[in-house]
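Q: One structure follows; several queries about it will come next.
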Amino acid sequence: MRYYISFLFLFLSLTVFAQKYSVSGYLKDASTGEGLVGATVSVKGTSNGVSTNVYGFYSLTLDKGKYTLLINYIGFASQEKQIDLNANTTITLDLAESNVELKEVVVSSEREDANVKSIQMSVNKIDIKDIKKIPQFLGEADVIKSVQLLPGVSTVGEGASGFNVRGGAADQNLILLDEAPVFNSSHVFGFFSVFNPDAVKDVKLIKGGIPAQYGGRASSILDVRMKEGNNKRVAVNGGVGTLFSRLSIEAPIIKDKASFIVAGRRSYFDVFFPFAKNEAVQDAKVYFYDLTAKVNYTISDKDRVFLSSYFGQDVFSQGTKDGFGFDYGNATATARWNHIFSSKVFSNITAVYSKYNYGLGVGDIEKDGFEWKSNIINYTLKPELIYYLNSKNTVTFGGQFTYYNFVPGTLKFASAGATSTITAKDKFANENGVYLANEQTLNQKWSVQYGLRYSLYNYLGKGTQYNFNDTIPGLRKALLSEKEFGDNKLMQQYGFFEPRFAIKYEVNESSSVKASYNRMSQYIHLISNTAANTPLDVWNPTTNNIKPQLVDQGAMGIFKNFGKSNMYESSVEVFYKYMQNQIDYIDGANLLLNDLLEAELLNGIGRAYGAEFYLKKAKGLFTGWISYTASRSERKVNGINEGNWYATRFDKLHNVSVVAMYDITDQLSASANFVYGSGTPTTFPTNRVEIQGYIIPYNTDNTRNNYRIPAYHRLDLAATYTFKKKKVDQNFEHSLVVSVYNVYNRRNPFSVYFRTNPANPQQTEAVRFAVLGSFVPAVAYNFKF
């Protein structure tokens, strides 16, 4: 109790009694009217400064007097603004891109030291312009593929949905699109992401030192913000690629007051199937589509509202009535209201709807076949207040209230014309959280960020609570009793305090040392025992048998900029994570449509630790970065691997990414990626059993992940030629992108499995499965006007 009382008194002691005034407002892109996220406003000759929030708003409190404000944002011309502060003042500024000359703009030599001066560590931001330059599969810019090139981030290979951060599972990443959670971020099994780059404004990955306003996942936050729509003029972006085409339109509804953006994509492999010689392929359906939309309206100087939504679906079908097919997709909707109570208090209220649906089927459901469908739905309300207390303290407090509806699945099947239905019981829960945090500058050298979040989870009826007996670890538990609960009746409750802390010591203008600690709790679980997550894995709530995941992470890092005008950014970070209540599975677990699924799950602990090295060249004709991560991810579960530690399926000792981009001329640019990753663990048989002349591989000592598949490495190349603008239309710009994915034809293994040799049943053979077995060339045409 004394800890929480001290925490409260710390906040109450922050107010400084002096005659002070605030200068506040928005920083915007001069060409589009978009708010600039993370732009800095500082006082020349002092350490006082602040960054804009995710809506482009800033507030800086100073003593009465005359000041010169420095306004900086990477890629934009800096500005200096003289002010005489004798009352609360509002200043909203439009910043021009650095290649646009404006007489009133003063280009400042102030360094962009955000990575050094910001208190946050373990955070990576990728500029959407860089994302569009990076070579990608089939020449299409992709947010998730770009994130996988950052330190501490890995994937188990092509064809895997999601990504892994610092040794955590894929479901431990909270992926947000305009604050709405996205439960599956992939199209085409991870080859593309659901984020249309033409509609994306800002991408930020938080791997550690996670602020108190985020909760609900155990490993990381990927915060993706959509564009708001050009409120100056009509703008059209689009492209025609090898696999799909895309188009976005943004325009003012009321100039400088309201605008919209609509962006859509659709693949068209299936368009060519009717021309195939193989009749079995002619009716097949293999495609995806998505639609992203957003509207914003400035009601007054103090009020602004946003409405945004996303809908996308992947469809795979053999086309014939007797064939196999499945589909999956996301739908989200977000409504937000920004209100400025005063020059010091900024509020945002967000309402969110998110749904993920998935299903599969075989045959004709009316005669002989089956169809299975499942989904997860959540509704969220998030109020938040940011209080710019003074030049040294920014206080954030708010809450989050989420209601979940889990639909494990409905199975319809037919046999000889008779149909039947099996439905697993729906599950319900709510997850609530409140938080209070402060970012405080102690002096010119020291800054701290501290906060406390409390999460309260309720597992609700209507439903059945199951109780199982204790058994030999690794064996299915037997049902002892079950109890029915009515609608909204409390079946189980959990609550946790989640402290967050970060500290920064600024060694000098170009270097700093940082450390952080955070605890995260996670109440929903992705049930999957495959080598990689698939779109058909089932989400399940925490129950009386499935405990919440708890993760404690500590990190420390050194950040250093060097070279002329801080051309180079570098960092070294080390981290350690301790994970409680990690789920694993008994051998032969039945995961689908199983009301007694909890009897087949095992509970254990995990740990992940490692070091991340990052070097980035942020300026000049030649830019890019090198990242190297050395890490381990392990689990210990009673009933698996004789109770000893074993590597998780996404454990990789070494991960290397090299990204290079070079502007050869004003019209021609080239880029390259090289990635290397240690092979992922897998379980190989230790013996074999012969039954009636057939050889069956068998693991006799209960080892888990006792071997590794070969290492993964790949080189990608791309070149972009931008055509000259015509004098008659300076707004029209178009370019051609030529790329080659997997240049040297590496057949990277996704998995290795064993089977009986078809030609000789006495022999067992290992089979190396690769999703891609050759290089993939592509051409894409992009345009905007």
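Q: Looking at region 742-760, can you tell me whether even one residue there is more than 30 Å from residue 474 (Cα to Cα), β-branched (Val, Ile, Thr) and not in a strand (DSSP E or B)?
A: yes
Q: On to the next question. Please report, ordered by residue number, the strands (runs of 3 or more DSSP E) entirely within region 136-235 with at least 2 residues that are out of contact with any Leu (no Cβ under 6 Å at 6 or more places or on another chain) and among the hydrophobic types (A, V, I, L, M, F, W, C).
A: Because the criterion is at least 2 residues that are out of contact with any Leu (no Cβ under 6 Å at 6 or more places or on another chain) and among the hydrophobic types (A, V, I, L, M, F, W, C), the strands (runs of 3 or more DSSP E) in region 136-235 that meet it are 173-177, 200-206.
Q: Mind counting the residues in region 389-437 that are of a type in the set (A, V, I, L, M) and open to solvent by 40 Å² or more (accessible area, probe 1.4 Å)?
A: Total meeting the criteria: 5.
Q: Oh, and also: Considering region 204-225 alone, what residues qualify as being in contact with a helix residue (DSSP H, G or I) (Cβ under 9 Å, 6 or more places away or on another chain) and open to solvent by 10 Å² or more (accessible area, probe 1.4 Å)?
A: The one that is in contact with a helix residue (DSSP H, G or I) (Cβ under 9 Å, 6 or more places away or on another chain) and open to solvent by 10 Å² or more (accessible area, probe 1.4 Å): 217.
Q: Go through region 739-761 and count every residue that is among the hydrophobic types (A, V, I, L, M, F, W, C) and surrounded by fewer than 16 Cβ atoms within 10 Å (Cβ to Cβ).
A: Of the residues in that region, 2 qualify.
Q: Next question. Which one of 42, 31 is buried (at least 17 other Cβ atoms within 10 Å of the Cβ) and either farther than 20 Å from residue 396 by Cα or modelled with pLDDT of 90 or more (or both)?
A: Exactly one of 42, 31 is buried (at least 17 other Cβ atoms within 10 Å of the Cβ) and either farther than 20 Å from residue 396 by Cα or modelled with pLDDT of 90 or more (or both), namely 42.
Q: Does at least one position in region 542-556 carry a residue that is open to solvent by less than 10 Å² (accessible area, probe 1.4 Å), of a type outside the set (D, E, K, R), farther than 24 Å from residue 498 by Cα and touching a helix residue (DSSP H, G or I) at 6+ places or on another chain (Cβ under 7 Å)?
A: no
Q: Would you list the strands (runs of 3 or more DSSP E) that sit entirely within region 467-560 and hold 3 or more residues that are among the aromatic types (Phe, Trp, Tyr) and closer than 26 Å to residue 434 by Cβ?
A: It comes to 490-508.
Q: When region 125-135 is examined, which residues are found to be out of contact with any helix residue (DSSP H, G or I) (no Cβ under 7 Å at 6 or more places or on another chain) and in a loop (DSSP other than H, G, I, E, B)?
A: Start the filter on region 125-135 by keeping residues that are out of contact with any helix residue (DSSP H, G or I) (no Cβ under 7 Å at 6 or more places or on another chain), which leaves 125, 127, 129-130, 133, 135.
Within region 125-135, 127, 135 qualify.
Q: State all residues of region 438-494 that are surrounded by fewer than 18 Cβ atoms within 10 Å (Cβ to Cβ), more than 30 Å from residue 210 (Cβ to Cβ) and basic (Lys, Arg); if no residue qualifies, say none.
A: Once the filter is applied, which keeps residues that are surrounded by fewer than 18 Cβ atoms within 10 Å (Cβ to Cβ), more than 30 Å from residue 210 (Cβ to Cβ) and basic (Lys, Arg), region 438-494 yields 462, 476, 483, 489.
Q: Restricting attention to region 350-385, and to residues there that are among the β-branched types (Val, Ile, Thr) and surrounded by 19 or more Cβ atoms within 10 Å (Cβ to Cβ), which single residue is nearest to residue 186 (Cα to Cα)?
A: Filtering region 350-385 for residues that are among the β-branched types (Val, Ile, Thr) and surrounded by 19 or more Cβ atoms within 10 Å (Cβ to Cβ), the one nearest to residue 186 (Cα to Cα) comes out as 376.
Q: OK, next. Where residues in region 381-414 are without any contact (Cβ under 8 Å) to a residue 40 or more places away in the chain and under 23 Å from the mean Cα position of the chain (by Cα), which of them is farthest from residue 60 (Cα to Cα)?
A: That would be 405.
Q: Within region 675-690, how many residues turn out to be part of a strand (DSSP E or B), more than 22 Å from the chain's Cα centre (by Cα) and within 18 Å of residue 749 (Cα to Cα)?
A: Taking region 675-690 as the starting set, the residues that turn out to be part of a strand (DSSP E or B) are 675-677, 681-682, 687-690.
Then keep just the ones that are more than 22 Å from the chain's Cα centre (by Cα); that gives 681-682, 687-690.
Adding the requirement that they be within 18 Å of residue 749 (Cα to Cα) leaves 681-682.
Summing the residues that are part of a strand (DSSP E or B), more than 22 Å from the chain's Cα centre (by Cα) and within 18 Å of residue 749 (Cα to Cα) in region 675-690 gives 2.
Q: Please determine, by comparing only the residues of region 232-260 that are of a type in the set (S, T, N, Q) and open to solvent by 10 Å² or more (accessible area, probe 1.4 Å), which one is nearest to residue 382 (Cα to Cα).
A: Residue satisfying both the conditions and the ranking: 237.
Q: For region 500-512, name all the residues that are crowded, with 16+ Cβ neighbours inside 10 Å and within 25 Å of residue 576 (Cα to Cα).
A: Matches in region 500-512: 500, 501, 502, 503, 504, 506, 511, 512.
Q: Please go through region 56-98 and give me each residue that is under 30 Å from the mean Cα position of the chain (by Cα), of a type in the set (Ser, Thr, Tyr) and modelled with pLDDT of 90 or more, ordered by number.
A: Answer for region 56-98, where residues must be under 30 Å from the mean Cα position of the chain (by Cα), of a type in the set (Ser, Thr, Tyr) and modelled with pLDDT of 90 or more: 58, 59.
The values are calculated or read from the model by the stated rules, or taken from the named source; none is laboratory data. It should be emphasised that the depicted structure is a prediction, and the values quoted were computed from it without experimental measurement. For neighbour counting, all protein chains shown are included, and Cβ atoms are generated from backbone atoms with ideal geometry for every residue, glycine included. The protein model used for the area step is the full one, side chains on, heavy atoms only, and it has no ligands, DNA or RNA in it. Shrake-Rupley method; radii C 1.70, N 1.55, O 1.52, S 1.80 Å.
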